[in-house]
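S.K.: Following this message is one structure expressed as structure tokens.
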Amino acid sequence: MGVDLRQVVAGVLTLTMFVMLGNMIKRDHFDSITEKLPGDVHDVAKVAEQGLFTLTKRSGKGPWLEDGSELKPCWSKTNFDEIDESKGFITFSLTNGPEYHVSQIADAVVVARQLQGTLVLPDIRGSKPGDEKKFEDIYDVDKFIKSLDGVVKVVRDLPDEISIRSLAVVKVPNRVTEDHIVETIQPIFQAKGNIRLATYFPSVNMRKSAQKSNLDLLACLGMFGTLELQPDVNEVVDSMAERLRTLSRKSDGQFVAVDLRVDLLEHKGCHESGSSGRKSCYSAQEIAVFLRKLGFDKDTTIYLTQSRWDSSLGVLKDIFPKTYTKETIMPADKKAKFLESENSEFEKVIDFYLCSQSDVFVPAISGLFYANVAGKRIASGKNQILVPADISSSSASATDFVSPYVLKKNHLAHTCFS
């Protein structure tokens with residue numbers, strides 16, 4: 001009896017998803033917010049001197065700070081030689097939400113370029129069996145292909161004469177290295193002619209490497225220069241952001257986005273401290289106390305990534321009455337497609353891009369969502385990313401809790417932008 005490669009791939013992807021989730025909960029704690037840079041940057045004036053924020057507040061209330069300057073990409077298509085004739089096709093799928101998509105795209109672009117392969121436009125797979133979408137259902141296909149023109153050849157479909165069952169499935173570690181491609185992937189590609197990539201994540205942090213690589217700019221292009229939302233999805237995100245800003249009139253149209261999902265908070269290992277004594281997630285009550293002690297007042301508008309309201313969120317709404325989830329701010333005529341369908345990919349995408357656009361981002365859960373949202377925010381100058389902590393005093397300065405990705409400039413984005 002023959003084995004259907006699609007079932008094999010689906011099994012690999014599903015297993016990989018659970019492994020990544022388990023590792024994220026057990027291992028990935030927030031970086032220390034008490035580690036200081038030389039010169040003690042935990043001083044408001046010195047944070048401003050680094051160009052991270054402008055001290056002028058846009059409102060008389062709350063710890064709101066102006067954004068920094070939008071950064072310029074360090075890569076250009078002139079960095080890359082012209083592509084040679086294709087030596088075969090490389091397929092892959094985007095899985096587990098947009099925080100994984102950006103990394104999966106970057107790895108696929110790097111591998112395809114190094115192997116002189118033709119990249120086949122990926123499909124998008126959710127966490128449930130049969131939960132599949134076409135690339136164009138979420139992302140702009142033309143933008144994707146144009147962004148890689150002259151760097152990596154991209155086709156929309158695998159040629160009819162090539163059977164998907166004939167493709168060798170190759171596991172690829174996120175942030176794949178040149179040595180790994182040459183030693184592990186290239187021999188399989190040369191032997192088979194066409195391959196299918198399945199990215200796994202040995203680590204979910206996005207700190208930049210100590211040593212520069214020849215692949216850095218290629219990975220930067222893949223991660224930050226290829227994906228844009230298709231118009232219908234972008235319209236929903238923009239309308240929800242505008243709704244939140246309208247609700248935030250008392251704070252000059254500013255709002256806070258908090259990545260807080262009840263299903264992950266209920267994981268038994270979530271609130272345990274690691275060897276460093278730091279936790280990997282914070283509850284609604286802990287987030288409410290954290291924000292209040294930083295000076296955010298009761299009129300602050302808060303967006304939660306939790307899809308539907310849960311009774312455990314009541315304590316947050318008691319302190320901040322203007323706390324909303326998607327179901328209360330999404331346009332009514334969009335809910336059937338983007339909120340009430342069985343597919344959750346749209347909801348994940350909306351969360352990722354709203355958290356990237358908000359004036360303040362607070363990751364209640366550590367992991368790749370936090371890391372890759374931070375990357376998008378750093379590139380656009382939106383540096384007010386506040387990492388939660390238990391504050392023993394009655395109040396504190398928001399600048400004391402700015403993400404180390406920003407303060408230490410150690411995010412991969414700082415390799416890609418200047």
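The values are calculated or read from the model by the stated rules, or taken from the named source; none is laboratory data. Quantities reported herein were computed from a predicted structural model and do not represent experimental measurements. Note that we place each Cβ from the backbone using ideal geometry, even for glycine, and neighbour counts take in every protein chain shown. For accessibility, only protein heavy atoms count, side chains too; no ligands or nucleic acids. Shrake-Rupley method; radii C 1.70, N 1.55, O 1.52, S 1.80 Å.
S.K.: Do you know which residues across the stretch 402-416 are open to solvent by 20 Å² or more (accessible area, probe 1.4 Å) and not charged (D, E, K, R)? Before you say what the answer is, go through the steps one by one.
M.R.: From the stretch 402-416, those open to solvent by 20 Å² or more (accessible area, probe 1.4 Å) are 408-410, 412, 414-415; that's our starting set.
If the condition is that a residue be open to solvent by 20 Å² or more (accessible area, probe 1.4 Å) and not charged (D, E, K, R), then ASN410, LEU412, HIS414, THR415 are the ones that fit.
S.K.: When you look at ASP263, is it modelled with pLDDT under 95, open to solvent by 30 Å² or more (accessible area, probe 1.4 Å) and in a helix (DSSP H, G or I), yes or no?
M.R.: Details: modelled with pLDDT under 95: yes; open to solvent by 30 Å² or more (accessible area, probe 1.4 Å): yes; in a helix (DSSP H, G or I): yes.
In short, yes.
S.K.: For the stretch 371-393, give me the residue count where each residue is part of a helix (DSSP H, G or I) and open to solvent by 10 Å² or more (accessible area, probe 1.4 Å). Before the answer, list the steps.
M.R.: Taking the stretch 371-393 as the starting set, the residues that turn out to be part of a helix (DSSP H, G or I) are 371-380.
Filter again for open to solvent by 10 Å² or more (accessible area, probe 1.4 Å), leaving 376, 379-380.
Number satisfying all stated conditions: 3.
S.K.: Return a yes/no flag: does the stretch 159-174 have any residue that is part of a loop (DSSP other than H, G, I, E, B), open to solvent by less than 80 Å² (accessible area, probe 1.4 Å), among the β-branched types (Val, Ile, Thr) and more than 22 Å from VAL349 (Cβ to Cβ). Outline the logic, then answer.
M.R.: Taking the stretch 159-174 as the starting set, the residues that turn out to be part of a loop (DSSP other than H, G, I, E, B) are 159-163, 167, 174.
Checking which are open to solvent by less than 80 Å² (accessible area, probe 1.4 Å) leaves us with 159, 162-163, 167, 174.
Filter once more, keeping what is among the β-branched types (Val, Ile, Thr): 162.
Keeping just the survivors that are more than 22 Å from VAL349 (Cβ to Cβ) gives 162.
Yes.
S.K.: May I pose another question? Restricting the search to the stretch 175-197, which residues are touching a strand residue (DSSP E or B) at 6+ places or on another chain (Cβ under 9 Å) and crowded, with 18+ Cβ neighbours inside 10 Å? Don't jump to the end; show me each part of the working.
M.R.: In the first step, residues of the stretch 175-197 are kept if they are touching a strand residue (DSSP E or B) at 6+ places or on another chain (Cβ under 9 Å); the result is 176, 180-181, 184-185, 188-189, 191-197.
Passing the criteria: VAL176, ILE181, ILE185, PHE189, ASN194, ILE195, ARG196, LEU197.
S.K.: If I go through the stretch 352-370 residue by residue, how many of them are over 22 Å from THR301 (Cβ atoms) and either surrounded by fewer than 24 Cβ atoms within 10 Å (Cβ to Cβ) or of a type outside the set (Gly, Ala, Ser) (or both)? Lay out the reasoning, then the answer.
M.R.: Filtering the stretch 352-370 down to residues over 22 Å from THR301 (Cβ atoms) leaves 366-368.
Next cut, either surrounded by fewer than 24 Cβ atoms within 10 Å (Cβ to Cβ) or of a type outside the set (Gly, Ala, Ser) (or both) only: 368.
So the count comes out to 1.
S.K.: Sticking with this one: Looking only at the stretch 210-237, count how many residues are open to solvent by 70 Å² or more (accessible area, probe 1.4 Å), more than 19 Å from ALA106 (Cβ to Cβ) and touching a helix residue (DSSP H, G or I) at 6+ places or on another chain (Cβ under 9 Å).
M.R.: 2
S.K.: A further question follows. On the given criteria, is PHE352 assigned to a strand (DSSP E or B), of a type in the set (A, V, I, L, M, F, W, C) and within 16 Å of the chain's Cα centre (by Cα)?
M.R.: Spelling it out, it is not the case that PHE352 is assigned to a strand (DSSP E or B), of a type in the set (A, V, I, L, M, F, W, C) and within 16 Å of the chain's Cα centre (by Cα).
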